[in-house]
1. May I ask you to say which residue of ILE289, ILE240 is touching a helix residue (DSSP H, G or I) at 6+ places or on another chain (Cβ under 7 Å), of a type in the set (A, V, I, L, M, F, W, C) and in the same structural domain as ARG127 (by TED's automatic domain parsing)?
2. Would you point out which residue out of ASN168, ASN188 is touching a helix residue (DSSP H, G or I) at 6+ places or on another chain (Cβ under 7 Å) and either modelled with pLDDT under 95 or not assigned by TED's automatic domain parsing to the domain that holds GLY128 (or both)?
3. Take the residues of region 5-63 that are part of a strand (DSSP E or B), more than 28 Å from the chain's Cα centre (by Cα) and of a type outside the set (A, V, I, L, M, F, W, C): which is modelled with the highest pLDDT?
4. So, CYS116, is that one surrounded by fewer than 24 Cβ atoms within 10 Å (Cβ to Cβ) and part of a strand (DSSP E or B) or not?
5. Determine whether ALA222 is within 24 Å of GLU95 (Cα to Cα), at pLDDT 95 or above and over 15 Å from the mean Cα position of the chain (by Cα).
Amino acid sequence: MILFLDKGARLHDIEALKEQLRQMGYDSIVQIENNATTLRILNGITATDHASLFAALPFVEKVSPANASFKLVNQNVQHKKSVIRIKEVEIGGGEFVVMAGPCSIETKEQIFDIACSVSQQGAAILRGGAFKPRTSPYDFQGVGEQGLAWMREAADTFDLLCVSEVMNTDDIDLVAHYVDILQIGSRNMQNFSLLKAVGKIQKPVLLKRGLAATYKEFLAAAEYILNEGNSQVILCERGIRTFETYSRNTLDIAAVPILRELTHLPIIVDPSHGVGLRQIVPAMANAAIAVQADGLIVEVHTDPDKSISDAQQTISTATFAEMMQSLSKIGDAVGMRVRRKQTELV
């Protein structure tokens, strides 16, 4: 329910109304837009609750039903686009932010070499997997906390932020200690316990779309995080599974403008998982900036063929440099500047 308040309601009146609602069993948030004040009820509503119950409350001018699934991520809740600010980097603020690095952190030398290279080409955020969810239990599972420590050191050395995946609730504090952004992978998009847990910490969350998730399911997963109090959510389109077998997934590039109509949250694209073919990754990265996504997360390695994980979809540092040049040109054409942060060699 959305309660539209009388213009005569003062701050103490609104707080008193919120407290009355709380005592009735409803949590609510205040929103002010175009000189209109509303109270949006977040939870507690049941099928037996009618608008007349709320219309009778003091200072309530009218009552309107709200979308039951998307009370916080909905574009109608916050018409102004959300911006995730981490130190000097803004995701959703009008610049195209690039996250780059290996699928898996392998050695200290490897992550340092890649961090040095991608920072030289303008990446703002270093990505790397320390804990890897793999289809087979016999595949490489990551180097764990040691990898996080190496990545943090590399990111600090080359003036980068860093992002890595957290796979279960027990590891949240550990991963959050090292990284600037917590990643929730596609396989965990509907791991509701994990979503609720990262919603309780004040650390940005990169949420990847599930392999077969609809837009509504994707947004509902983000709602779990916001509903726990963490509004710093970045959505990531990373391809969905279709009948096509030539590519690993089908990158749904239309998800960017469609989700833009539905939510105020920033949206980035993962072309590496989106197609799973390294020769196609730069083209799909170009498509991402062309539809004005807020950024990119891409897998990069100094020697892709020797990458322990997902070698077939990992581009080389040389290809990454060429891709960044192409992104800048397309960005100029569509009015989306690529954030390029030049870092001196150390």
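The values are calculated or read from the model by the stated rules, or taken from the named source; none is laboratory data. Bear in mind that the values here come from a model prediction, so they are computed numbers and not experimental data. When we count neighbours, we look across all protein chains shown, and the Cβ atoms used for this are built from the backbone with ideal geometry, even at glycine.
1. Details: ILE240 fails: touching a helix residue (DSSP H, G or I) at 6+ places or on another chain (Cβ under 7 Å).
None of the other options fit; the residue is ILE289.
2. Values: ASN188 fails: either modelled with pLDDT under 95 or not assigned by TED's automatic domain parsing to the domain that holds GLY128 (or both).
Going through ASN168, ASN188 in turn, just one is touching a helix residue (DSSP H, G or I) at 6+ places or on another chain (Cβ under 7 Å) and either modelled with pLDDT under 95 or not assigned by TED's automatic domain parsing to the domain that holds GLY128 (or both): ASN168.
3. From region 5-63, those part of a strand (DSSP E or B) are 5, 27-33, 36-43, 60-63; that's our starting set.
Among the residues that remain, those that are also more than 28 Å from the chain's Cα centre (by Cα) are: 5, 36-37, 60-63.
Checking which are of a type outside the set (A, V, I, L, M, F, W, C) leaves us with 37, 61-62.
Values: THR37: 82, GLU61: 86, LYS62: 82.
Only one residue tops the list, namely GLU61.
4. Details: surrounded by fewer than 24 Cβ atoms within 10 Å (Cβ to Cβ): yes; part of a strand (DSSP E or B): no.
Spelling it out, it is not the case that CYS116 is surrounded by fewer than 24 Cβ atoms within 10 Å (Cβ to Cβ) and part of a strand (DSSP E or B).
5. Working: within 24 Å of GLU95 (Cα to Cα): yes; at pLDDT 95 or above: yes; over 15 Å from the mean Cα position of the chain (by Cα): no.
For ALA222, the condition - within 24 Å of GLU95 (Cα to Cα), at pLDDT 95 or above and over 15 Å from the mean Cα position of the chain (by Cα) - is not met.
Rundown of residues vs (1) basic (Lys, Arg); (2) assigned to a helix (DSSP H, G or I), yes/no style:
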position	(1), (2)
LEU174	no, yes
GLN183	no, no
ARG187	yes, yes
GLN190	no, no
SER193	no, yes
LEU207	no, no
LEU211	no, no
ALA221	no, yes
